[in-house]
Amino acid sequence: MKKFIFVLSMMSFGAVEAQNETKREIEEIKMSALPYYSYGKGMGMTSADSLFQLNIRFRMQNRVTYYDYEDQESNYDAQIRRLRLRLDGYVGNPKFQYALQLSFAPGDVGEIEEGKNLNIIRDAVVSYNPNSHWSFLFGQTKLPGNRQRVNSSGSLQLTDRSINNAQFNIDRDFGFQVNYYEQNKDQFSYNIKTAATSGNGRNWSGKDNNIALTGKVELLPFGTFKKGGDYFEGDIQFEEKPKVMLSGVLHKNFDAGLARGQQGDELYETRNLQSVFIDAIGKYKGWAGMVSYMNRTTNNPLTIGENSEGLPETRYVFAGEGLDYQLSYTFPVSHYEIIGRFSTQNVDDAIYRLNVPNQKQYSFGVTKYIWEHAFKVQAEVTYDDLKYFNGTQKNNWYFRFQIEIGI
């Protein structure tokens, strides 16, 4: 009898264990079909078979600005300056990647104009990266232009880019890009970047004959920066050794139809434009400095036509040159940062005679980094000195408070 009870007990135990094992197998099958999640820059999701990856990021900039412009009543502006959603990852193989960035703030999208496309899409690009050296891109994204434009607007020390970047940058375009990287942590490094694009800027549709060609060389004599520090302003990583990057860009836009190449008002006649950008940045133990030169040239910046009322009108290429100087220090414990920037801008003589001013701009800012550039509080005061061909001069200034947050 005791043997019978023992055998029955063992059989029952075996049956329970078999059921538990079956449940575990079912749970493992269910788990293996679920995606994997990761948290770093944004929120990432990878399919169970590792054939698909999606990373989601967002960021927003909320700001209020008080303006005191000469000959104008003082006023203020409060707005969501930027609201961005970014999706990136790979499909099938990590070598085949994609990036999509959408903008939703009024300042990003712009006003609805008849016959023009909305600027909701900022980036829509696919890339093939066969190894750590080569990258081949097709689609719409930033051109390899001046450093401040290539940096994300979320990685700036002051609340916005300089007056020279606003007028001379080459922004985004649709086409092909080929990049080569030779990067070493503590040894001489360099990057070569090229692009062949439409020359019409982002979100353009239609048929045209123009083309834009861009070439860029980046030199890093002391090796790469910490965590890609050449792509964000300020030395928030506190480089233990001096790090320097020197870069030069040559950009040609043939038969351009817009005042600033990829941006601006339509011209009455197309023009061949050339842009040159030279940048130098350095970082060491909380100190960061940047010097930038930008220009745009053309044979004749003026185009003549008739406005909607049939009267003669002049539209012009924004030709000229500018220099930016920027210096900052980040305090290591409090993560407060003080920043100063000085910019000069001189326009082409032909458009200066149209009373387009030459400018000098002085900016001072304080930034508190709560979570690096992803979460920060910024305050800035800026003074503009404008001089016109007719001899008049204007002095404008503004104060701005801004909070940026994102993942």
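Checked against the criterion of being assigned to a loop (DSSP other than H, G, I, E, B), under 29 Å from Gln101 (Cα atoms) and of a type in the set (Asp, Glu), region 237-251 contains not a single residue that satisfies it.
Residues are listed down the side, and each one gets a yes or a no for (1) within 30 Å of Thr270 (Cβ to Cβ); (2) surrounded by 19 or more Cβ atoms within 10 Å (Cβ to Cβ); (3) touching a helix residue (DSSP H, G or I) at 6+ places or on another chain (Cβ under 9 Å); (4) touching a residue at least 60 places away in the same chain (Cβ under 8 Å):
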residue: Asp324; (1), (2), (3), (4): yes, yes, yes, yes
residue: Phe331; (1), (2), (3), (4): no, no, no, no
residue: Tyr336; (1), (2), (3), (4): no, no, no, no
residue: Arg341; (1), (2), (3), (4): no, yes, no, yes
residue: Gln361; (1), (2), (3), (4): no, yes, yes, yes
residue: Tyr369; (1), (2), (3), (4): no, yes, no, yes
residue: Phe375; (1), (2), (3), (4): no, no, no, no
residue: Phe389; (1), (2), (3), (4): yes, no, yes, no
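Looking at region 262-270, can you tell me whether even one residue there is in a loop (DSSP other than H, G, I, E, B), out of contact with any Lys or Arg (no Cβ under 7 Å at 6 or more places or on another chain) and small (Gly, Ala, Ser)? Yes, there is a match, as at least one residue in region 262-270 is in a loop (DSSP other than H, G, I, E, B), out of contact with any Lys or Arg (no Cβ under 7 Å at 6 or more places or on another chain) and small (Gly, Ala, Ser). For region 384-404, the criterion of being within 22 Å of Ser155 (Cα to Cα) and small (Gly, Ala, Ser) is met by no residue. Any residue in region 374-387 that is within 19 Å of the chain's Cα centre (by Cα) and modelled with pLDDT under 95? The answer is yes; a qualifying residue exists.
Only residues that are under 25 Å from Gln101 (Cβ atoms) and either not hydrophobic (A, V, I, L, M, F, W, C) or not in a strand (DSSP E or B) (or both) were counted in region 66-90, giving 9.
Candidates Ile211, Ile170: the one that is in contact with a strand residue (DSSP E or B) (Cβ under 7 Å, 6 or more places away or on another chain), of a type in the set (A, V, I, L, M, F, W, C) and more than 30 Å from Phe222 (Cβ to Cβ) is Ile211. Applying the criterion of being basic (Lys, Arg) and part of a strand (DSSP E or B) to the residues of region 166-208, the residue that is modelled with the lowest pLDDT is Arg172. For region 209-223, filtering for residues that are farther than 29 Å from Gly322 by Cβ and at pLDDT 95 or above leaves 1.
Residue pairs whose Cβ atoms lie under 8 Å apart, sitting 6 or more positions apart in sequence or on different chains, and linking a residue in region 180-192 that is among the basic types (Lys, Arg) to a partner that is surrounded by 14 or more Cβ atoms within 10 Å (Cβ to Cβ), are Lys185/Gly223; Lys185/Thr224. All conditions but one from (1) in contact with a Ser or Thr (Cβ under 9 Å, 6 or more places away or on another chain); (2) under 24 Å from Gly282 (Cβ atoms); (3) surrounded by fewer than 20 Cβ atoms within 10 Å (Cβ to Cβ) apply to Gly139; the one that does not is (2).
I want to confirm something. Restricting to region 158-209 and keeping residues that are surrounded by fewer than 16 Cβ atoms within 10 Å (Cβ to Cβ) and of a type in the set (D, E, K, R), which single residue is farthest from Pro242 (Cα to Cα)? Once the filter is applied, the top-ranked residue is Lys207.
The values are calculated or read from the model by the stated rules, or taken from the named source; none is laboratory data. On a predicted model such as this, the values are computed, not experimentally measured, just so you know. Because the Cβ atoms are built from the backbone with ideal geometry, glycine has one as well, and the counts that use them run over all protein chains shown.
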